[in-house]
1. Here are Y163, Y156: which of them is in contact (Cβ under 8 Å) with a residue 40 or more places away in the chain, not small (G, A, S) and not in a helix (DSSP H, G or I)?
2. Which residues, taken from the stretch 131-152, are of a type in the set (A, V, I, L, M, F, W, C), part of a helix (DSSP H, G or I) and more than 24 Å from N16 (Cβ to Cβ)?
3. Of all residues in the stretch 45-66 being among the charged types (D, E, K, R) and either assigned to a helix (DSSP H, G or I) or in contact (Cβ under 8 Å) with a residue 40 or more places away in the chain (or both), which is nearest to G182 (Cα to Cα)?
4. Take the conditions assigned by TED's automatic domain parsing to the domain that holds D209, part of a helix (DSSP H, G or I), small (G, A, S) and surrounded by fewer than 21 Cβ atoms within 10 Å (Cβ to Cβ) and apply them to G97. Does it pass?
5. The conditions are (1) closer than 14 Å to T13 by Cα; (2) modelled with pLDDT under 95; (3) touching a Lys or Arg at 6+ places or on another chain (Cβ under 9 Å), and D81 fails exactly one of them. Which is it?
6. How many residues does the stretch 62-94 hold that are aliphatic (A, V, I, L, M) and surrounded by fewer than 18 Cβ atoms within 10 Å (Cβ to Cβ)?
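The values are calculated or read from the model by the stated rules, or taken from the named source; none is laboratory data. As the structure is a prediction and not an experimental result, all values here were calculated from the model. Counting neighbours? That spans all protein chains shown, and the Cβs are built from the backbone with ideal geometry, glycine included.
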Amino acid sequence: MSVEAICFDVGETLINEERVWQMWAQWLGVPEHIFFAAFGAAISQGKPLDVFNRFKPNFDLDAELEARREAGKLWVPQASDLYPDAQPAVRLLGRIGLKVFIAGNQDADMGMFLRQSFPTADHVRTSGEWGVSKPSAEFFARISDELDMAPRNIVYVGDQPGYDVYAAQERGGMPTIQVLRGLWGLTLDPAVPTLLPHVAVSSLLEVPDAISHLG
């Protein structure tokens, strides 16, 4: 296996989403520790969206997002939301000669933020810009096509066992590295098919060494 490129997921890989869930807890009027405990339990039961219905019956995500938008309560990413190892890891991998791609399930506005935050990345794309999202095979095919590389030469790095590890391996044909952090990275969702990653790390700064194991 010859690793020529690295593709990073976004949420809980490069960006700490703690503020996202804190704002949902505040919006629903639920103490943060109660919301996080319920969310973790819902993920472990394979029903993550049930946590919203638990605190607000007949919860409508689109309607709630619109209400939050009108109230000026939407989450907007900030530099402080980046994990401390994110920018150094992206720069380091570029310096050692690898192409660096960033691609996740986010909207076009997040794409703009990511390009500003990671100017040394070779490619930055979001599902909102492509019109396809994980865990579809087409999402990973887009990465391979833009890099003009075989999937086996691209390592996908993400936190979620299902959408990142399983989907990238089984539907994208890519080797994977899982970063063990965040609600999904540390909580198994039985509703989503999973595979063990080729390598697991606790920090993105461990990725260069992890690549040597893949090779």
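1. Y156
2. Correct list: A137, F140, A141, L147.
3. That would be K47.
4. When the stated conditions are applied, G97 does not pass them.
5. The single condition D81 does not satisfy is (2).
6. 9
Rundown of residues vs (1) at pLDDT below 95; (2) surrounded by fewer than 15 Cβ atoms within 10 Å (Cβ to Cβ), yes/no style:
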position	(1), (2)
R142	no, no
D145	no, yes
P151	no, no
Y166	yes, no
L183	yes, no
D189	yes, no
I211	yes, no
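For (1) β-branched (V, I, T); (2) within 30 Å of L205 (Cα to Cα); (3) in the same structural domain as I143 (by TED's automatic domain parsing), each residue gets a yes or a no:
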residue	(1), (2), (3)
M23	no, yes, no
L28	no, no, no
I34	yes, no, no
F39	no, yes, no
A42	no, no, no
Q45	no, no, no
L61	no, no, no
P77	no, yes, no
